[in-house]
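Heads up, the thing below is written out as structure tokens.
Any read-out appearing in this document is the output of simple, stated calculations on the displayed coordinates, not a laboratory observation. In this text, all values refer to a predicted model and were calculated from it rather than measured experimentally. Using ideal geometry, Cβ is built from the backbone for each residue, glycine included, and neighbour counts are taken over all protein chains shown.
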Amino acid sequence: MRTGSPTMVASECGTVKYLNGLRNRMDTPLASHAVAKADSPAHAEHLQRLLGGMALAVAARGYADATIADIVREASVSRRTFYEHFATKADCLIALFEAASLRALGVLRDALDPTQPWQRQVERALQAYFASMAQNPVLLRTLYIEILGLGTPGLAARRRVNLAIGDFILEVVNGPSATTARLSPAMAQAVVGGINELVLQAIEQGRQADLLELVAPASALVRAVAGVPHAAPAMPACQA
């Protein structure tokens, strides 16, 4: 049985729930780096276990203090299996970062309602996105901050994720109803950068559990960059 502070135990429970959403998200282009060696069902299963082991290890101990021995113990696999997939602990963190980001993209897409104006779709998607991230503040801090300390490979992984999120924003804002493009790819990346900075600031201030407070400023940022500074008009009330 695990022991520890209530906060840490809750965080690890949140990690388990978070990892449940990673399955079925590993077959998209963004995940190609993470699953390059998963060329058989057994390898795919071991990869999933290793990502889960990494997530649990960093949630319990932090990335700096987590060891490969911790990861394989949490994953219930051997060190040999670890090295069949990853050369270093950093490689495993990058794979976890990309897998967690895939889950976040899935949360964003699942929150869309094409019957609503794009402004409302953005707000709904951001609500779901921030709520999902707030479920596991320890893992959130690791993925947002530790990835920046991995040098060029970490920055490349972060760029792939940012581009994928930018493409999602373009898809929503420049939807079928738009007569002209409201956002360019460059401005979509500017929005992603702004939202990332809001999240980083919340992490630095210890407000990971309050990420839903970022929905309003993040939605306002998207609208302002798209040239629509005000929220969508209220939907008319249903008649009895």
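In this structure, L112 does not qualify as in contact (Cβ under 8 Å) with a residue 60 or more places away in the chain, crowded, with 21+ Cβ neighbours inside 10 Å and out of contact with any Phe, Trp or Tyr (no Cβ under 7 Å at 6 or more places or on another chain).
Scanning segment 136-158 for residues that are more than 15 Å from S101 (Cβ to Cβ) and outside any helix (DSSP H, G or I) yields a total of 1. Based on what the data block shows, is Q127 among the polar types (S, T, N, Q), within 30 Å of A216 (Cα to Cα), part of a helix (DSSP H, G or I) and in contact with a Leu (Cβ under 6 Å, 6 or more places away or on another chain)? Considered against the rule, which asks whether it is among the polar types (S, T, N, Q), within 30 Å of A216 (Cα to Cα), part of a helix (DSSP H, G or I) and in contact with a Leu (Cβ under 6 Å, 6 or more places away or on another chain), Q127 comes out as no.
Results for (1) at positive phi; (2) surrounded by 20 or more Cβ atoms within 10 Å (Cβ to Cβ), shown as yes or no for each residue.
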residue: I71; (1), (2): no, yes
residue: S76; (1), (2): yes, no
residue: D91; (1), (2): no, no
residue: E98; (1), (2): no, yes
residue: V107; (1), (2): no, no
residue: Q116; (1), (2): no, no
residue: Q121; (1), (2): no, yes
residue: Q127; (1), (2): no, no
residue: A134; (1), (2): no, no
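For segment 180-228, taking the residues that are of a type in the set (D, E) and free of Cβ contacts under 8 Å to residues at least 24 places away in the same chain, the one that is nearest to G166 (Cα to Cα) is identified as E197. When residues in segment 71-84 are screened for being charged (D, E, K, R) and either closer than 8 Å to G53 by Cα or in a loop (DSSP other than H, G, I, E, B) (or both), 2 of them pass.
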